[in-house]
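Only one structure is covered here, and it is reproduced in the block below.
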Ligand SMILES: NC(=O)CC[C@H](N)C(=O)O
């Protein structure tokens with residue numbers, strides 16, 4: 001089956017289709033990871049994007065039950081050099097083609113992904129349209145120009161209802177903006193009592209859950225598309241220890257009065273070098289983002305830059321100077337990518353314990369009584 005990818009600048013790629021048939025448009029981005037295509041394509045932060053893998057052989061180890069980062073993929077297309085439809089791995093349960101057919105996702109192979117990546121690097125990410133049909137190029141171009149990029153990806157990918165993953169240690173409210181499963185996995189592995197809440201949960205609703213700490217998740221799209229999330233973080237800041245990841249980091253920065261901007265082609269891959277300014281140490285990180293916190297916007301806020309990207313010097317980590325809160329632009333939960341940064345979850349738990357022992361005026365009993373009162377009032381409404 002022939003398939004085509006047309007970019008906004010008029011470049012047309014012709015290749016072979018796999019997965020679903022039809023047409024689909026989105027922002028074309030590239031990921032430089034060598035392994036981990038299952039985690040990449042199921043990371044909700046790619047919602048609405050057509051993802052190109054720079055590694056030239058994809059599909060060779062199939063798809064398995066355990067490596068999903070969300071219950072379903074939200075990507076709008078997948079572009080590869082060579083697609084291997086006969087997986088060879090003991091963990092493989094079915095093929096990439098099978099997965100894409102199930103979820104209506106179009107894959108295209110036999111593409112010069114090196115040329116495509118160079119174009120995206122030079123021009124910046126572009127809109128593109130994938131099609132397995134035989135419409136004329138002019139018709140494809142017309143459909144592409146009429147299509148618009150999604151603005152509601154957080155609502156599309158966030159959980160619709162509250163659910164819990166019980167544990168016997170710290171109670172963490174995880175605000176799900178399109179969270180990767182890896183974040184919940186890291187918290188539950190540490191025994192945390194996690195309650196996952198939708199992106200539009202209010203500060204009062206969160207207070208009623210009596211959290212010891214708040215985890216802000218990753219998520220798709222422009223942080224400025226979810227102003228309600230920024231407002232909620234602003235209300236919770238100072239009251240609870242906060243740890244933010246990726247979109248959570250950007251939303252936190254906005255809540256503290258800083259600003260965000262779009263990068264030319266983003267950071268997506270498993271080997272981005274990040275420098276921790278305090279120690280001077282370099283960490284290799286997993287990344288997937290197209291936006292960044294603007295350097296100059298930190299001035300005059302109560303934020304301090306803790307990490308920078310060693311390639312382009314953009315901000316990779318922040319902490320609040322007064323309140324227990326820190327955030328990173330990269331992915332300590334890895335999946336895919338190195339697990340070197342998972343210690344940040346331990347740091348979060350440590351921060352929660354320190355905050356608790358420094359604030360003995362609100363013992364658990366008093367907090368519980370307060371919660372109960374809140375819930376009663378809520379129920380009587
Ligand atoms: N992985 C993420 O959380 C990405 C954050 C945001 N959507 C960006 O592209 O910058």
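Figures for the structure shown
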| item | result |
| --- | --- |
| Residue in the range 242-264 that is within 30 Å of residue 311 (Cα to Cα) and more than 16 Å from the ligand (Cβ to nearest atom) present | yes |
| Hey, residue 257 touching a residue at least 12 places away in the same chain (Cβ under 8 Å) and in a helix (DSSP H, G or I) or not | no |
| Residue count, the range 38-57 (criterion: under 22 Å from residue 114 (Cβ atoms) and buried (at least 22 other Cβ atoms within 10 Å of the Cβ)) | 8 |
| Near pairs, Cβ below 6 angstrom, 6+ apart or cross-chain, from the range 28-39 (closer than 14 Å to residue 338 by Cβ) to any residue that is in a strand (DSSP E or B) | 32/269; 33/269; 33/270 |
| All positions within the range 7-20 that are in contact with a strand residue (DSSP E or B) (Cβ under 7 Å, 6 or more places away or on another chain) and either surrounded by 23 or more Cβ atoms within 10 Å (Cβ to Cβ) or not in a strand (DSSP E or B) (or both) | 8, 9, 17, 18, 19, 20 |
| Of all residues making up the range 205-227, the number that are in contact (Cβ under 8 Å) with a residue 60 or more places away in the chain, surrounded by fewer than 24 Cβ atoms within 10 Å (Cβ to Cβ) and away from the ligand (no atom under 11 Å from the Cβ) | 5 |
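Bear in mind that the values in this text are calculations on the coordinates, not laboratory data. Here the structure is a predicted model, which is why all the values come from computation and not from measurement. Glycine gets a Cβ as well: all are built from the backbone with ideal geometry, and neighbour counts include every protein chain shown.
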